[in-house]
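Have a look at the structure below before the remarks.
The values are calculated or read from the model by the stated rules, or taken from the named source; none is laboratory data. Only a predicted model underlies this, so the values are computations on that prediction, with no experimental measurement involved. Quick reminder, even Gly has a Cβ in these numbers, built from the backbone with ideal geometry, and neighbours come from all protein chains shown. With ligands, DNA and RNA removed, areas are computed over all heavy atoms of the protein, side chains included. Shrake-Rupley method; radii C 1.70, N 1.55, O 1.52, S 1.80 Å.
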Amino acid sequence: GVWKHSKSEGHDDYGLLVSEKARKYAIVNELNEPVSLKDGSTVLQFETRFQNGLECGGAYLKYLRPQEAGWKAKLFDNESPYSIMFGPDKCGATNKVHFILKHKNPKSGEYVEHHLKYPPSVPSDKLTHVYTAILKPDNEVRILIDGEEKKKANFFSADDFEPPLIPAKTIPDPDDKKPEDWDERAKIPDPNAVKPDDWDEDAPMEIEDEEAVKPEGWLDDEPEEVDDPEATKPEDWDDEEDGEWEAPKIDNPKCETAPGCGEWKRPMKMNPAYKGKWSAPLIDNPNYKGIWKPQEIPNPDYFELDKPDFEPIAAVGIEIWTMQDGILFDNILIAKNDKVAESYRETTWKPKFEVEKEKQKAEDESTDSDGLSGVQKKVFDVLYKVADIPFLSEYKLQILVNPSEILFLF
């Protein structure tokens with residue numbers, strides 16, 4: 001897919017644009033220095049806008065490990081090792097803001113993906129939204145959308161991450177086997193029960209209602225349907241080829257006012273003598289031992305951690321597949337102070353968002369009155385696509401206002 005450096009619709013602000021449908025996209029930007037996630041808080045924040053909506057595609061960022069992990073910027077792809085993956089993903093039943101931590105297992109040395117359970121869903125409109133992940137020194141992560149907290153989780157909680165970062169202390173013994181005489185039946189048929197002598201298993205479920213009386217005015221000799229008196233044989237009907245012509249049937253008009261037509265039969269009713277097949281009643285099983293489970297043994301893969309062993313962030317990349325074009329990324333920020341991220345939301349995201357909301361409101365009102373919003377949108381599309389220029393032409397902004405607070409801004 002072709003990236004473009006393009007204006008956001010309705011603004012003078014430029015962003016990184018997904019310009020073609022049904023494509024894979026990859027682009028990466030290396031930081032001047034790796035960012036450590038082990039000291040204090042770290043804030044990951046970026047804006048994205050689905051200018052043409054999002055039915056099937058990703059719009060997330062990958063925060064990559066240093067190149068010693070085995071990747072090259074020019075060969076950046078889905079195999080490039082990352083520390084964190086964060087952002088929207090929507091397709092079919094998938095609708096979530098991913099937060100995935102790739103954590104090194106200290107025992108096996110392997111990197112394992114740990115997915116945030118029950119992540120927030122992706123906003124479904126075409127407005128600019130800002131996504132924020134705040135990693136706290138108390139092992140907590142907070143996920144914000146448009147500055148509003150949508151999820152709070154603990155890295156060491158098995159309720160928050162799947163699989164959990166710290167394995168269970170014990171596991172079921174894989175060599176333990178259920179004894180052959182283990183009885184898991186809580187209830188059993190009473191072996192002393194005997195079918196009553198008057199139990200008739202052959203009695204039918206329904207019988208004729210002998211007390212029923214044919215309604216007065218029932219038309220026994222009238223059929224429920226009659227030939228349509230207004231139907232005529234088509235002129236081109238050939239009896240030899242088409243067979244004998246028969247008029248189509250219609251509901252008998254005489255039956256409309258009568259209680260019924262045709263042969264009257266007594267209705268059926270439930271048979272009071274019906275009992276069905278007899279079976280012995282259930283009683284508590286005296287040999288019941290419960291549901292068998294293998295015994296627990298110490299987990300050989302168990303380990304303890306005081307803090308996650310975060311890998312540093314050496315680059316920020318976008319590596320996605322999407323069926324939609326018009327996805328715009330902007331204001332990618334890494335900071336050590338969530339007040340800095342909040343300030344950027346107030347000064348860069350919120351003004352755009354308010355303008356877009358007002359424009360959307362006006363379009364909705366216009367649609368209700370004269371349906372012109374579709375025409376207006378096409379005009380805006382043409383105007384802003386005219387301004388497209390080659391991506392990153394004199395546009396690579398690296399700001400180091402305060403190294404202790406802002407680490408990366410694009």
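Annotations
- The set of residues from segment 340-374 being out of contact with any Leu (no Cβ under 6 Å at 6 or more places or on another chain), among the charged types (D, E, K, R) and either modelled with pLDDT of 95 or more or within 17 Å of THR48 (Cα to Cα) (or both) comprises GLU342, ARG345, GLU346, LYS350, LYS352, GLU354, LYS357.
- Test for TYR111: is it touching a His at 6+ places or on another chain (Cβ under 9 Å) and open to solvent by 50 Å² or more (accessible area, probe 1.4 Å): yes
- Residues satisfying the stated conditions in segment 41-79, i.e. open to solvent by 40 Å² or more (accessible area, probe 1.4 Å) and either in contact (Cβ under 8 Å) with a residue 24 or more places away in the chain or closer than 20 Å to ILE100 by Cα (or both): ASN52, GLU55, GLN67, ALA69, GLY70, ASP77, ASN78, GLU79
- Scanning segment 326-340 for residues that are surrounded by 19 or more Cβ atoms within 10 Å (Cβ to Cβ) and touching a Gly at 6+ places or on another chain (Cβ under 9 Å) turns up GLY326, ILE327, LEU328, PHE329, ASP330, ASN331, LYS336.
- For segment 32-51, the criterion of being modelled with pLDDT of 95 or more, touching a helix residue (DSSP H, G or I) at 6+ places or on another chain (Cβ under 9 Å), of a type in the set (A, V, I, L, M, F, W, C) and not in a loop (DSSP other than H, G, I, E, B) is satisfied by at least one residue.
- Residue check, GLU201 at pLDDT 90 or above and under 30 Å from PRO172 (Cβ atoms): no
- Residue within segment 150-161 that is at pLDDT 95 or above, among the aliphatic types (A, V, I, L, M) and crowded, with 16+ Cβ neighbours inside 10 Å present: yes
- Checked against (1) part of a loop (DSSP other than H, G, I, E, B); (2) within 30 Å of VAL194 (Cα to Cα), LYS233 passes all but condition (2).
- Tabulated pairs, segment 190-209, first touching a residue at least 12 places away in the same chain (Cβ under 8 Å), second surrounded by 10 or more Cβ atoms within 10 Å (Cβ to Cβ) and of a type in the set (Ser, Thr, Tyr), C-beta under 6 angstrom, 6+ apart or interchain: ALA203/TYR274; MET205/TYR274
- Number of residues in segment 230-271 that are over 30 Å from PRO215 (Cα atoms) and either of a type in the set (Val, Ile, Thr) or under 54 Å from the mean Cα position of the chain (by Cα) (or both): the value is 1.
- Being under 30 Å from HIS115 (Cβ atoms), at pLDDT below 95 and not basic (Lys, Arg) holds for only one residue in PRO223, PRO167, and it is PRO167.
- Subset of segment 1-50 (residues that are farther than 23 Å from GLU346 by Cβ and among the polar types (S, T, N, Q)): SER6, SER19, ASN29, ASN32, SER36
Table: residues versus (1) under 26 Å from LEU54 (Cα atoms); (2) at pLDDT below 95; (3) of a type in the set (D, E, K, R).
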position: THR94; (1), (2), (3): yes, yes, no
position: VAL97; (1), (2), (3): yes, no, no
position: ASN105; (1), (2), (3): no, yes, no
position: TYR111; (1), (2), (3): no, yes, no
position: LEU116; (1), (2), (3): yes, no, no
position: PRO119; (1), (2), (3): yes, no, no
position: PRO123; (1), (2), (3): yes, yes, no
position: LEU135; (1), (2), (3): no, no, no
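- Residue within segment 294-315 that is touching an Asp or Glu at 6+ places or on another chain (Cβ under 9 Å), farther than 30 Å from ASN105 by Cβ and of a type in the set (D, E, K, R) present: no
- Taking each residue of segment 150-173 that is within 16 Å of LYS102 (Cα to Cα) and looking for partners that are of a type in the set (Phe, Trp, Tyr) and open to solvent by 70 Å² or more (accessible area, probe 1.4 Å) with beta-carbon atoms closer than 6 Å, six or more apart or interchain, yields nothing.
- Search result, residues across segment 114-123 that are in contact (Cβ under 8 Å) with a residue 40 or more places away in the chain and either more than 18 Å from GLU162 (Cβ to Cβ) or open to solvent by less than 40 Å² (accessible area, probe 1.4 Å) (or both): HIS114, LEU116, VAL122
- Subset of segment 1-21 that is over 20 Å from GLU319 (Cβ atoms) and charged (D, E, K, R) - its residue that is most open to solvent (accessible area, probe 1.4 Å): ASP12
- Qualifying residues in segment 127-149 (those that are within 19 Å of the chain's Cα centre (by Cα) and without any contact (Cβ under 8 Å) to a residue 60 or more places away in the chain) - the one farthest from GLY15 (Cα to Cα): ILE143
- Whenever a residue of segment 353-373 is surrounded by 11 or more Cβ atoms within 10 Å (Cβ to Cβ), its partners that are modelled with pLDDT under 85 and not in a helix (DSSP H, G or I), lying with C-beta atoms within less than 6 angstrom and at least six residues away or across chains, give the pairs SER366/LEU372.
- The C-beta contact set for segment 271-294 (first residue over 13 Å from PRO191 (Cβ atoms) and open to solvent by 60 Å² or more (accessible area, probe 1.4 Å), second residue not hydrophobic (A, V, I, L, M, F, W, C) and not in a loop (DSSP other than H, G, I, E, B), distance under 9 angstrom, 6+ apart or interchain) comprises TYR274/GLU206; TYR288/LYS187; LYS293/PRO172.
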